[in-house]
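Colleague: This is the structure, below, for whatever I ask next.
The values are calculated or read from the model by the stated rules, or taken from the named source; none is laboratory data. Source: prediction; values computed, not measured. Reconstructed Cβ throughout: ideal geometry from the backbone, glycine too, with neighbour counts over all protein chains shown.
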Amino acid sequence: MKTKIIILFLLTIALSFAQRRYYHETGSAILRVDENFPGAFVEHRTVSTGADNLFRAFLAFGDASGKYAYGSAHQHPPLSEGTFILAEPPSPLPPEALQIEEFFDTVEVIDSHTVDSIWVYDTTYVYNLTESRTRFFYEDTAFGISVEQFVTAYYDTISAFYVDFIFTNTGSSTLSDLKTVFFYEGDVPDWGYRDDYPFSVGYLDAAAVRDGSEANGICSGFCALHPDTMPQLGAWFNWVDTLAEPDTANIISLLENDPEWPVSISPGDWAVYAMWDFGDLHAGATDTLRIALIAQDSTGFDSLAAYVRGDSVQSAVEDYAISFPEHHNISIAPNPFNSACEILVPEIPAGDASLEIFSMDGRIVRSMELSKQSDRIFWNARDDRGRELASGVYLVRFSSKGATISTAKAILIK
């Protein structure tokens, strides 16, 4: 009897220190929140494909003094551990590091044990779920920053998870020129990630890793919601393979260099990321970064990003002074294209006519004056200065005497 009591006591102690995880589900996507990975996510799954689209997504901070803090950034040490540790949540919340709030009608738990009513590494089936939310607390005392992380999901058909990082300077001095990076190393799908390439919608502050094995492959990534200042977007090729022996110098490089979007893109193992400059964060001060993790096929990714931002694709385009009527008499072949395409425009009316090509952030990258004899235009995917353009979606506008006649989208894939 005494032996049984001791075993039960030891089991109770073991369970009380178990690392916990929770699966948020929207109905079309799943996101895992895990105490083993403070400051990082390791599973972002699409229900329709069953595939896990994510290798690592992590949060990182750096300041002018050269200090840095980051979540689990790789499968190999030292980057696998990250610098964050679980922290005591602020009062009056319960003492658990991972607090779960759920809003549902019925829950069925199969072969599960619980710690303080939180399921531990077992299968859970949730029916009629309307909303789920997790609070997660972690800190890096050497850097002097603590993070309160909220993840919110709504059970509907929208593949979006809203993530808030509320961070506080817990040190005694100012964190000068504080930079924050959110890095998303996608494997889309998890069994075929060598065909991936980066995808961005600049005017929606959105970036994703896209499955290049299908015409309308899944795009899995994120869009920025707060602060209102536009982040810098970048892409990184072969984060996993090039860091077979990772070092913290890779994190420092990520934080100290401005993100870049590659001009030439070939299929492979890609990551996308964004950087925000929060300026000086004084001792005791708090700020917030909010993003949405989203997954959608390539034809609907921009619409989903616009939806979670409370915007629309058309209104966002109008904000950048590219307000087009919905005419599609322009034909582009091939489309998508790799290095060059032919643009066929409608019959050119009398008078001046022009063809303008816009990037998705609203810049005119190429402008051509047309004559009645030039209804077929060859475009070599370069701007007016002869520079190669990056992969992405471009808006083509054909106009005469200042009035738009026809528009179309051209998709450049390198």
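Listed here are the residues, each with its yes/no results for (1) at pLDDT 65 or above; (2) assigned by TED's automatic domain parsing to the domain that holds D52; (3) surrounded by fewer than 18 Cβ atoms within 10 Å (Cβ to Cβ).
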site: I85; (1), (2), (3): yes, yes, yes
site: L98; (1), (2), (3): yes, yes, no
site: F104; (1), (2), (3): no, yes, yes
site: V115; (1), (2), (3): no, yes, yes
site: D122; (1), (2), (3): no, yes, yes
site: L178; (1), (2), (3): yes, yes, no
site: E185; (1), (2), (3): yes, yes, no
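Colleague: For segment 41-69, give me each residue that is buried (at least 22 other Cβ atoms within 10 Å of the Cβ) and among the aliphatic types (A, V, I, L, M).
Modeller: L54, A57, L59, A60, A69 - these are the residues of segment 41-69 that are buried (at least 22 other Cβ atoms within 10 Å of the Cβ) and among the aliphatic types (A, V, I, L, M).
Colleague: If you take the residues of segment 243-291 that are β-branched (V, I, T) and in a loop (DSSP other than H, G, I, E, B), which of them is surrounded by the most Cβ atoms within 10 Å (Cβ to Cβ)?
Modeller: Per the stated criteria, the residue is I265.
Colleague: So if I check each of D361, D302, which one is part of a loop (DSSP other than H, G, I, E, B), modelled with pLDDT under 85, among the acidic types (D, E) and under 30 Å from the mean Cα position of the chain (by Cα)?
Modeller: None of the others qualify; the one that does is D361.
Colleague: Consider segment 16-71. How many of its residues are closer than 15 Å to V147 by Cα, under 19 Å from the mean Cα position of the chain (by Cα) and not in a strand (DSSP E or B)?
Modeller: 4
Colleague: Mind telling me which of the residues S312, S371 ends up being among the polar types (S, T, N, Q), assigned by TED's automatic domain parsing to the domain that holds D52 and either out of contact with any Gly (no Cβ under 6 Å at 6 or more places or on another chain) or modelled with pLDDT under 80 (or both)? Outline the logic, then answer.
Modeller: Working: S371 fails: assigned by TED's automatic domain parsing to the domain that holds D52.
Matching residue, one of S312, S371: S312.
Colleague: For segment 132-162, which residues satisfy the criterion of being hydroxyl-bearing (S, T, Y), under 23 Å from G62 (Cα atoms) and in a strand (DSSP E or B)? Can you show your working first?
Modeller: Residues of segment 132-162 hydroxyl-bearing (S, T, Y): 132, 134, 138, 141, 146, 152, 154-155, 157, 159, 162.
Filter once more, keeping what is under 23 Å from G62 (Cα atoms): 138, 141, 146.
Y138, S146 - these are the residues of segment 132-162 that are hydroxyl-bearing (S, T, Y), under 23 Å from G62 (Cα atoms) and in a strand (DSSP E or B).
Colleague: If you go through segment 207-252, how many residues are of a type in the set (S, T, N, Q) and modelled with pLDDT of 90 or more?
Modeller: Going through segment 207-252 one residue at a time, the tally reaches 2.
Colleague: Here is a follow-up. Of the residues in segment 151-183, how many are within 28 Å of E25 (Cβ to Cβ) and of a type outside the set (V, I, T)?
Modeller: 13
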